[in-house]
Amino acid sequence: MSNSTPNPSRRKLLGALALAPAALALPSLLRLSPTRAETNPDPFSGHAAAIRHRIGEIEIIALADGRGPITNDLIIGFNDTAGRLAAKAAHKAHDPVTSTISINAYLIRTADRLIAVDSGAGAAMGPTTGAWLDSLASAGIAKENIDTLFLTHTHLDHVGGMSNEGGIRLLPNAQLVAAEAEWAFAHDDGVLSALPEAFKGMMLASRAQLAPYAANRAMLAMDQETEFAPGVTAVPLPGHTPGHMGLRIESHGEALLIWGDVVHVPAYQFTHPDWSVAFDADGPTAIASRRRMLDMASHDDLLVAGMHLDFPALGYVERRGDAYRYFAAPPDFRV
C-alpha cells in the first residue's frame, strides 16, 4: 500500500473520479443544482437525537443527522458471499444491493469552548437527512453559542447544515477550522471541470455551504497534528480526501478519536478493512489510514467515533486475526 501523495494533476483526476460515482448514489435532486439541493422541503428532522459522553472534563455529544443509502457496487472489493459473512459477524442485516449508513456529527464542550464537528447533510441528500439542527436543539445547545466549526472534510454529507439556501450562516459566531489542503480541494476548478456536467452540482453545493465562512477561517497543515483547543487535536487522516482529518480529544487520562470517514460501511469494513469506497480520492492511502486507526484503536483500547458508524456512533474496536470487530460503548451515566 502506498502512502505517497498524488501529484497535482493526478490528484485532480482522482478527485473527479471519486466524486462522480458518489453522485450517482445520491438523489436526483442533488445532481441538478446547489440551490435545488439545499431547499429539499422534507428534511429528516423528526428523528433528532443527542447522546452525551464524558472524556475527563470534556463533554462529547453525538448528534444524529439521519441516514442514507450506499449501493454496494460503490464498495471496492465487495462480493456478496464475503459481505454476507461480514454482516453476520457484525450482527447486521445484509442486503446484496444497498447498505444504509448513519450520518452523524458531534459537539465538543470544553471549559470555555463549544466546537461543532461537521454539520451533517442538512436537506441536501433527501428526506432521510436534515436532523442535525434539531439534534442540537434537543441537546439544549443554542447554535449562536457555538464558537468553532471543525470539518473533517468537505463532502456534502458533512457540510450540509452550515448555511441556508440564502447563503446565511446557520452558526453565526463559529470560526471554520479545516485542513488547508481540504479547502483547496473543494475549490479546485480542475476537479470541478473534470466532473461530468450532471455531477457538478454536488461540488457546487459544498462550495455554497462553505462560502459564508470563508472570512477569518483557520486552516491547518496536513503534515502535522495541531492542537487548536485545550485537549482537542486535529489528526491528519488523508486518503478519503486530500485534507481529511480526525480529532483526538484527551482529558484526565481519557481519550476519544473522532475518525471522520475512516469507515463508511460498518457492516463490512471492520471485517474487510481493505474494502474501500469509490468516493475515496486516493484509495490506497485511505486504506492505509483506516488500518492505522483500527490498529491504534484496538491496541490502545481507544474509544472511537465516526460519522458513519451506527448512531450514537461511540464504541471500541477489537482485533480478530486479520479483521476487526466494533462494539458499541455502554451509556455514560456521568452525564
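Please treat every number below as a calculation from the coordinates, not as lab data. Just so you know, these numbers come straight off a predicted model, no measurement behind them. Don't worry about glycine lacking a Cβ; one is built from the backbone with ideal geometry, like all the others, and counts go over all protein chains shown.
Quick notes on this structure:
- Cross-link reach list, aspartates and glutamates versus K92, counting only Cα pairs under 12 Å and skipping chain neighbours closer than eight places: D310
- Across the options P96, G77, L256, the greatest Cα extent toward the positive end of the charge dipole of the range 8-328 (unit charges at beta carbon of Lys, Arg, Asp, Glu) belongs to P96.
- Other residues with beta-carbon under 11 Å from the beta-carbon of R67 carry, at +1 per Lys or Arg and -1 per Asp or Glu, a net charge of -3.
- In the distance distribution for the chain, Cα-Cα pairs more than 30 Å apart total 28 percent.
- Fully extending the segment from E197 to R319, taken as 0.36 nm per residue of separation minus the present Cα-Cα distance, adds 39.6 nm.
- Candidates I101, I141, I258: whichever shows maximal mean-square fluctuation once the chain is modelled as a Gaussian network with Cα springs under 10 Å: I141
- Each of W132, W275 was scored by other Cβ atoms within 10 Å of its Cβ. Arranged with the fewest first, they read W275, W132.
- Computed over the chain: relative contact order in percent, which uses C-alpha pairs under 8 Å that are six or more apart: 22 percent
- Summed side-chain charge close to I76 - residues other than I76 whose Cβ falls under 11 Å, Lys, Arg +1, Asp, Glu -1: -3
- Only aspartates and glutamates eight or more places from K200 in sequence, or on another chain, were considered; those with a Cα closer than 15 Å are E38, D188, D189.
- For the range 157-305, the square roots a ≥ b ≥ c of the C-alpha gyration tensor eigenvalues yield an a/c of 1.5 or more together with a/b not exceeding b/c, which makes the shape oblate.
- Which of S193, S251 has the fewest Cβ neighbours within 10 Å, and the rest in rising order: S193, S251
- Here the residues V304, V117, V177, ranked from fewest to most Cβ neighbours within 10 Å of their Cβ, fall in the order V177, V304, V117.
- Cut-off under 5 Å, modelled amide H: who pairs with H94 long-range: none
- Stretched out straight at 0.36 nm per residue, the stretch from T98 to R207 would grow longer than its current Cα-Cα span by 36.4 nm.
- Each stretch of four or more DSSP H residues adds -39500 (n - 2.57); spread over every residue of the chain, this sum gives -7500 deg cm²/dmol at 222 nm.
- Available extension along the chain between R291 and H187 is 34.5 nm, counting 0.36 nm per residue and deducting the alpha carbon span.
- Using a simple spin-label model with pseudo-atoms 7 Å out from Cα toward Cβ, E227 and A82 lie 4.1 nm apart.
- Local charge for R113 was computed over the other residues whose Cβ lies under 13 Å away, with Lys and Arg +1 and Asp and Glu -1, and equals -4.
- Only Lys, Arg (+1) and Asp, Glu (-1) charged, at Cβ; the chain dipole about Cα centre in debye: 400 debye
- Euclidean distance between Cα centres, the range 60-77 to the range 113-145, Å: 16 Å
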